[in-house]
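Notes follow once the structure below has been shown.
Quick note: the coordinates plus some simple rules give every number you see, no bench work behind them. Small disclaimer: the values here were computed from a predicted structure and weren't measured. Cβ atoms come from the backbone with ideal geometry, glycine included; neighbour counts cover every protein chain shown.
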């Protein structure tokens, strides 16, 4: 039997169908239930449970995503002792964008430093704050969340992170694909230059990040190495609920 070939037109249609198209938000608004950023981050924390190391966030703003990561980690600590040694590092200048982004001017997103109990705040632009001393303090990273918007900032964070990664480290990008895919460009250039191998675990639709009418995509990737890693077992409450449900 001859193998059917997929035409370029069909590939383009498939990409448009699954990755979004120009102006699709106007049509999809109020008609789809994209997962929230909180739901994506909660999943990422769970995926990173078997991986030793700390959690680092690049781009914090007012701290909502950091609180989500922290709260999910706290819940995990109740039932999984391995999580109790993990710390969260939240990196941001809190002075806003260093340069213009999409139609946002430099300085946009400036905000007072949020109060985040149990989180190590690393204040400053990445070229100043992501130091060798901080790398030695962090040691290893199990989960990294990128929400720095700019290609230059994301690339700088990835370069600093490289020696701290290990097999199984989870990478979450808040705006991996979109009208301004700076995070994707930084990731592809970093992957080409460093040779770090990753696997795409999931991609999620999301509302436009800026002031455009085109949907974006969040992404979760995982570092692939020679060492095998195990899946995180279910947390005890879920296991207990299933056990109780089976009796009815």
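Starting from the Cα-Cα distance between residue 18 and residue 31, subtract it from 0.36 nm times their residue separation and give me the gain in nm to one decimal.
Here the answer is 3.1 nm.
Please work out the Cα center distance from the range 52-74 to the range 77-93, rounded to the nearest Å.
What the calculation gives is 8 Å, centre to centre.
Starting from the Cα-Cα distance between residue 159 and residue 115, subtract it from 0.36 nm times their residue separation and give me the gain in nm to one decimal.
Taking 0.36 nm per residue and subtracting the Cα distance, the gain is 13.1 nm.
What is the list of residues in the range 155-194 whose amide nitrogen lies under 16 Å from a point 7 angstrom out from the Cα of residue 134, following Cα to Cβ?
155-165
Beta carbons within 10 angstrom, averaged per residue: use that to sort the peptides 182-193, 38-49, highest first.
Packing order, densest peptide first, comes out as 38-49, 182-193.
Which FRET efficiency, nearest 0.05, do residue 82 and residue 9 yield, Cβ-Cβ r, R0 45 Å?
Calculated transfer efficiency: 0.35.
Under a crude label model (7 Å from the Cα following the beta-carbon direction), how far is residue 152 from residue 179 in nanometres?
2.2 nm
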